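*Asks:* There's a structure below that I have some questions on.
The values are calculated or read from the model by the stated rules, or taken from the named source; none is laboratory data. Bear in mind the structure is a predicted one, so any value in this text is a computation, not a measurement. Glycine also receives a Cβ, built like all others from the backbone with ideal geometry; neighbour counts cover every protein chain displayed. Keep in mind that these areas ignore ligands, DNA and RNA; they rest on the heavy atoms of the full protein, side chains included. Shrake-Rupley method; radii C 1.70, N 1.55, O 1.52, S 1.80 Å.
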Amino acid sequence: PRYRPDWASLDARPLPAWFDRAKVGVFVHWGVFSVPAWGSEWFWWHWQGERRADYESFVRQRYPPATTYADFAPHFTAHDFQPREWARLFQRAGARYVVLTTKHHEGFTNWGSPVSWNWNSLDMGPHRDLVGELGQALRESNIHYGLYHSLLEWFNPLYLADKESGFKTQNFVLKKTMPELYDLVLKYKPDLIWSDGDWEAPDSYWNSTSFLAWLYNDSPVKDTVVVNDRWCDNCSCHHGGYYNCADKYKPGTLPAHKWEMCSSIDKLSWGYRSNMHIAELMDEASIIEELVQTVSFGGNYLLNVGPTKEGVIVPIFQERLLALGRWLDTNGEAIYESKPWRVQMETSTDSVWYTSKGPVVYAIFLIWPQDNVLQLSSPTPSPATQVTMLGFAGTLKWQKSPRKGLLITLPSMLPSPVPARSGWTVKLEGVK
């Protein structure tokens with residue numbers, strides 16, 4: 001069927017199956033904001049839009065007088081950017097898809113956009129097609145490629161004029177936003193478009209429904225492309241492809257619609273900050289906990305890193321990604337291509353979560369029980385029930401619980417002064 005440029009038609013499009021199967025992605029926030037590398041990727045807005053005193057004094061202390069935001073661009077060098085190394089890292093992290101910022105709200109494009117003269121990565125800074133180079137490396141590694149794109153640009157004169165008119169004029173959309181979206185799709189054939197910057201104007205201003213109708217009907221990726229829900233001021237959680245709803249969204253119950261939770265290793269920023277402290281970063285246990293809760297509730301988990309202006313993913317971020325990958329090497333069977341089970345978590349505790357694949361049920365427990373006995377009240381065992389643990393050879397002994405469910409005797413862990421890493425999976429066969 002051909003899709004019409006209205007939400008009733010567009011929202012009825014089935015989501016391409018690869019996205020739900022993938023479960024785990026890496027988000028990359030990279031741009032001119034990586035040059036001051038301070039505060040957050042909203043640096044320009046906090047400094048010039050809000051005129052925040054801390055940002056003004058930062059620029060005064062570190063840069064020459066009369067410095068403008070445009071002056072940062074030549075320092076966005078990407079000197080050390082090695083796309084194949086990034087792809088290898090993301091693969092080892094267990095990512096099945098990667099989403100790169102092609103353009104944030106600052107308007108600088110990480111490819112040679114024909115409508116962003118002198119404010120793009122070919123004319124300025126790296127003098128490289130960052131979007132194209134990473135795409136090629138990811139495709140060589142069989143990782144799906146997503147493109148983040150902001151609809152708005154804070155200080156673009158065309159956008160400000162449209163805003164001034166109450167969004168009755170559309171010069172910015174017709175001359176900048178839409179030409180760039182069409183260019184990205186035709187040039188890079190993305191598997192995913194992660195839209196953002198939608199919140200100030202209605203879909204009639206953005207022309208988002210006509211773009212999506214073209215994307216689904218006539219584009220080179222019409223059958224495979226996935227989009228999120230940030231296409232207009234009241235689209236989030238209502239319209240588009242899968243739902244983001246909000247940054248770091250946690251539904252608390254099983255949503256009826258496919259969704260994604262985006263989170264960042266640096267809890268205070270999406271872009272790189274040179275002044276981050278270890279206490280402000282997510283540790284391995286909290287990353288695994290977020291992943292497990294998200295997938296139990298039917299979501300995908302998109303974990304963000306911000307590279308430096310030179311294109312380095314700093315070692316602490318690499319370490320976190322590799323820890324996630326090691327965990328997935330053992331427990332990925334319970335994550336990738338899984339479906340939510342009839343219950344998502346144990347009622348008595350928030351440290352046991354469930355996923356399933358056909359008749360097989362996976363119970364992922366985040367805290368190792370002190371007596372080495374795991375108590376599960378939700379599954380109903382049968383005489384044919386078999387229990388194994390991912391990453392551990394042999395079957396585990398179990399018995400029916402006096403109340404309900406089953407008691408599983410876990411392999412005895414060596415006593416250790418350091419608490420064991422987080423998250424283990426028991427695989428239950430023959431339970432209801």
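*Asks:* Hey, among VAL99, VAL131, which residue is outside any helix (DSSP H, G or I) and either out of contact with any Lys or Arg (no Cβ under 6 Å at 6 or more places or on another chain) or β-branched (Val, Ile, Thr) (or both)?
*Replies:* Answer to the check: VAL99.
*Asks:* Go through (1) over 27 Å from LEU138 (Cβ atoms); (2) of a type in the set (A, V, I, L, M); (3) surrounded by fewer than 17 Cβ atoms within 10 Å (Cβ to Cβ) for VAL59 and report which single condition fails.
*Replies:* (3)
*Asks:* Please go through the range 129-160 and pick out each residue that is without any contact (Cβ under 8 Å) to a residue 60 or more places away in the chain and open to solvent by 60 Å² or more (accessible area, probe 1.4 Å).
*Replies:* Residues satisfying the conditions are GLN136, ARG139, GLU140, ASN142, PRO157, LEU158, LEU160.
*Asks:* Just for the range 7-27: of the residues that are free of Cβ contacts under 8 Å to residues at least 60 places away in the same chain and in a loop (DSSP other than H, G, I, E, B), which one is nearest to ILE335 (Cα to Cα)?
*Replies:* PRO14
*Asks:* Which of the following residues is more than 26 Å from the chain's Cα centre (by Cα) and open to solvent by 10 Å² or more (accessible area, probe 1.4 Å): PRO114, PRO126, PRO179? Walk me through it before giving the result.
*Replies:* On the way: PRO126 fails: more than 26 Å from the chain's Cα centre (by Cα); PRO179 fails: more than 26 Å from the chain's Cα centre (by Cα).
It is PRO114.
*Asks:* Can you confirm whether the range 328-348 contains a residue that is assigned to a loop (DSSP other than H, G, I, E, B), among the acidic types (Asp, Glu), out of contact with any strand residue (DSSP E or B) (no Cβ under 6 Å at 6 or more places or on another chain) and over 29 Å from LEU89 (Cβ atoms)?
*Replies:* no
*Asks:* Sticking with this structure for a sec: Right, TYR242: touching a Leu at 6+ places or on another chain (Cβ under 8 Å) and either open to solvent by 10 Å² or more (accessible area, probe 1.4 Å) or closer than 17 Å to HIS29 by Cα (or both) or not? It would help to see each step written out before you state the result.
*Replies:* On the way: touching a Leu at 6+ places or on another chain (Cβ under 8 Å): yes; either open to solvent by 10 Å² or more (accessible area, probe 1.4 Å) or closer than 17 Å to HIS29 by Cα (or both): no.
Here the answer is no, as TYR242 does not meet what is asked.
*Asks:* Would you mind finding the one in ARG88, ARG4, ARG51 that is part of a helix (DSSP H, G or I), out of contact with any Gly (no Cβ under 9 Å at 6 or more places or on another chain) and not small (Gly, Ala, Ser)?
*Replies:* The match here is ARG88.
*Asks:* Shifting gears a bit: Going residue by residue through the range 223-234, is there one that turns out to be modelled with pLDDT under 95, assigned by the TED database to the domain that holds GLY311 and not in a strand (DSSP E or B)? Before you say what the answer is, go through the steps one by one.
*Replies:* Pass one, the range 223-234, residues modelled with pLDDT under 95: 234.
Now drop any that are not assigned by the TED database to the domain that holds GLY311, which leaves 234.
With the extra rule that they be not in a strand (DSSP E or B), the set shrinks to 234.
Scanning the range 223-234, I find at least one residue that is modelled with pLDDT under 95, assigned by the TED database to the domain that holds GLY311 and not in a strand (DSSP E or B), so the answer is yes.
*Asks:* Across the range 398-425, which residue is surrounded by the fewest Cβ atoms within 10 Å (Cβ to Cβ) among those that are among the β-branched types (Val, Ile, Thr) and modelled with pLDDT of 80 or more?
*Replies:* Step by step, filter the range 398-425, then rank; the result is THR409.
*Asks:* Name the pairs: first residue in the range 180-202 and within 15 Å of GLN170 (Cβ to Cβ), second residue aromatic (Phe, Trp, Tyr) and open to solvent by less than 20 Å² (accessible area, probe 1.4 Å), Cβ to Cβ under 7 Å, at least 6 apart or on different chains?
*Replies:* Note: pairs meeting the criteria are LEU181/PHE211; ASP198/TRP206; ASP198/TRP231.
*Asks:* Search the range 219-259 for residues being small (Gly, Ala, Ser) and more than 19 Å from the chain's Cα centre (by Cα), and hand back the single one that is nearest to LEU15 (Cα to Cα).
*Replies:* Going through the range 219-259, the residues small (Gly, Ala, Ser) turn out to be 219, 236, 240-241, 246, 252, 256.
Okay, now just the ones that are also more than 19 Å from the chain's Cα centre (by Cα), so 219, 256.
On the way: SER219: 16, ALA256: 13 Å.
Checked the range 219-259; the qualifying residue nearest to LEU15 (Cα to Cα) is ALA256.
*Asks:* Test PHE72 against the stated conditions and say whether it is open to solvent by less than 10 Å² (accessible area, probe 1.4 Å) and within 25 Å of ASP129 (Cα to Cα).
*Replies:* yes
*Asks:* Pick from the range 350-372 the residues that are modelled with pLDDT under 95 and closer than 20 Å to GLN399 by Cα: which of them is surrounded by the fewest Cβ atoms within 10 Å (Cβ to Cβ)?
*Replies:* By that ranking, first place goes to GLN370.
*Asks:* What residue, of ALA78, ALA37, ALA17, ALA93, is at pLDDT 95 or above, under 19 Å from the mean Cα position of the chain (by Cα) and surrounded by 14 or more Cβ atoms within 10 Å (Cβ to Cβ)?
*Replies:* So the residue among ALA78, ALA37, ALA17, ALA93 that is at pLDDT 95 or above, under 19 Å from the mean Cα position of the chain (by Cα) and surrounded by 14 or more Cβ atoms within 10 Å (Cβ to Cβ) is ALA93.
*Asks:* Scan the range 72-91 and report the pairs whose first residue is under 11 Å from VAL312 (Cα atoms) and whose second residue is of a type in the set (A, V, I, L, M) and assigned to a helix (DSSP H, G or I), with Cβ atoms within less than 6 Å and a gap of 6+ or a chain change.
*Replies:* Note: pairs meeting the criteria are PRO83/LEU134; PRO83/ALA137.
*Asks:* Can I ask one more? Looking at the range 161-172, which of the residues that are in contact (Cβ under 8 Å) with a residue 12 or more places away in the chain and in a loop (DSSP other than H, G, I, E, B) is least open to solvent (accessible area, probe 1.4 Å)?
*Replies:* So the residue we want is PHE167.
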